[in-house]
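Down below is the structure, laid out as structure tokens.
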Amino acid sequence: MKITTLYLNAFLLLVFLPFFSPAQAQPVTITTTAGDNTLGSLGGAITTINGSSGGSVSFSLPVNTTITLTQPLTAASQSLTLIGNSFKVTNAPGNNTMFQSSGDLSLGSGITFYLMTAFGSFGSNGGPGVDGTPGFSAGNVGVTALSSTMGVNSVLSLTGGQGGTGGDGGAGANGGAGASAGDVGVTIGTLTLGNASQLTGVGGLGGLGGG
């Protein structure tokens, strides 16, 4: 009887074991537009993923909500997937907006991940006989990843900001020079595009000279 029970237990284990699998990790959810690494922020979500073996980041705020960074975005050391609503990431004028990953950056179906930089600041106007000061350059925008996998109808959009306009010169003086636009850079080792997915990049315009 003991031998029969032992064989029966072993049989049940072999039959039912394939139906059990490790629980899938829950996505890390972005719940705030904070541009730092606090809990619920994009930077905080990436930091959490970096402490594991990879995972998903879900954006649960209203569609196309903008996150304005107050510090450089945390680099991803693990592969991550962006899911949920589409969202935008930008920066203060003159600062770069960079997404860096040493793993795979994946976009879930239907999501649009916008990376952009703000316009450069305007130069100051000059007083009588005093030239206006030059405008300030817009920051650059870029993505660096070992690889990227884009789901159906997903979009990765990069837009450089316009350079700042030069300040107007005072009476009898010259206006300040317009500043340079933000550049767009993409460095992805292997890019896998899903059906109707898009990767777009648009550089900004140079700033206008002052009057």
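None of the figures in this text is laboratory data; all of them are computed from the coordinates on show. Just so it is clear, the structure is predicted and the values come from calculations on it, not from any experiment. Positions of Cβ are backbone-derived with ideal geometry, glycine not excepted, and every protein chain shown enters the neighbour counts.
Details
- Relative to the dominant Cα principal axis of the chain, helix 2-16 is inclined by about 30°.
- Most to least packed among 100-108, 160-168, 194-202, 55-63 [average Cβ atoms within 10 Å]: 160-168, 100-108, 55-63, 194-202
- A Förster distance of 22 Å, applied to the separation of the beta-carbon atoms of residue 144 and residue 66, puts the FRET efficiency at 0.50.
- Projected label distance in nm at residue 152 and residue 77, using a 7 Å step from Cα toward the beta-carbon: 3.6 nm
- Gain on full stretching of the segment that runs from residue 174 to residue 39 - 0.36 nm per residue minus C-alpha separation: 43.7 nm
- In angstrom, the C-alpha Rg and Dmax of the chain are 24.7, 110.
- Label sites at residue 202 and residue 102, each approximated as a point 7 angstrom past Cα along Cα to Cβ, lie 3.5 nm apart.
- With a simple spin-label model that places each label point 7 Å from the Cα along the Cα-to-Cβ direction, the separation between residue 85 and residue 186 comes to 2.6 nm.
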